[in-house]
Amino acid sequence: ELSLKSILFLIGVQELSQGVREFDKDEKTNLFHIAVCKLLSPYGYYKFKMVDEDGWPHWEEIKSVGNLSERDQKNLMKESIIKYFENY
């Protein structure tokens, strides 16, 4: 059974486009961030900024998802994951 965290990790790896490899703790945290930014950008929360020299994408926060309740945040993430895979 995949957890929300597992799905975010997989989306982060996919969006990084560096293939399957070992990631250190900081890289794993960054992969979650990539996934969240990618998923929430269509909703106006993040805007793609650039890919750095190491191939890592960077995003700019446009508005804070923290303004939503924890339940609404979780529902938004679930909805955005479904849309991500529908459009993939």
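The single condition among (1) open to solvent by less than 100 Å² (accessible area, probe 1.4 Å); (2) part of a helix (DSSP H, G or I); (3) among the aromatic types (Phe, Trp, Tyr) that Phe85 does not meet is (1).
Within the stretch 49-82, if we keep just the residues that are of a type in the set (D, E, K, R) and in a loop (DSSP other than H, G, I, E, B), the residue that is least open to solvent (accessible area, probe 1.4 Å) turns out to be Asp52.
Just one of (1) closer than 15 Å to Ser80 by Cβ; (2) within 14 Å of the chain's Cα centre (by Cα) fails for Glu61. It is (1). If you scan the stretch 17-33, which residues turn out to be open to solvent by less than 50 Å² (accessible area, probe 1.4 Å), in a helix (DSSP H, G or I) and either touching a Gly at 6+ places or on another chain (Cβ under 7 Å) or more than 16 Å from Trp59 (Cα to Cα) (or both)? Listed by number, the list holds a single entry, Leu31. For the stretch 37-48, residues that are touching a residue at least 40 places away in the same chain (Cβ under 8 Å) and either open to solvent by 90 Å² or more (accessible area, probe 1.4 Å) or part of a strand (DSSP E or B) (or both) total 1.
Remark: pairs (first residue in the stretch 49-77, over 22 Å from Val13 (Cβ atoms); second residue exposed (fewer than 11 other Cβ atoms within 10 Å of the Cβ) and modelled with pLDDT of 95 or more; Cβ separation under 9 Å; 6+ apart in sequence or on different chains) = Ile62/Gly44; Lys63/Gly44.
Annotation note: of Ile82, Ile11, the sole residue that is within 14 Å of the chain's Cα centre (by Cα) and without any contact (Cβ under 8 Å) to a residue 12 or more places away in the chain is Ile82.
Does any residue of the stretch 60-74 turn out to be modelled with pLDDT of 95 or more, out of contact with any Leu (no Cβ under 9 Å at 6 or more places or on another chain) and under 20 Å from Tyr88 (Cβ atoms)? The answer is no; no qualifying residue exists.
The values are calculated or read from the model by the stated rules, or taken from the named source; none is laboratory data. Please read all numbers here as calculations on a predicted model, not as lab measurements. Quick reminder, even Gly has a Cβ in these numbers, built from the backbone with ideal geometry, and neighbours come from all protein chains shown. Heads up: the accessible areas ignore ligands, DNA and RNA and are worked out on the full protein's heavy atoms, side chains in. Shrake-Rupley method; radii C 1.70, N 1.55, O 1.52, S 1.80 Å.
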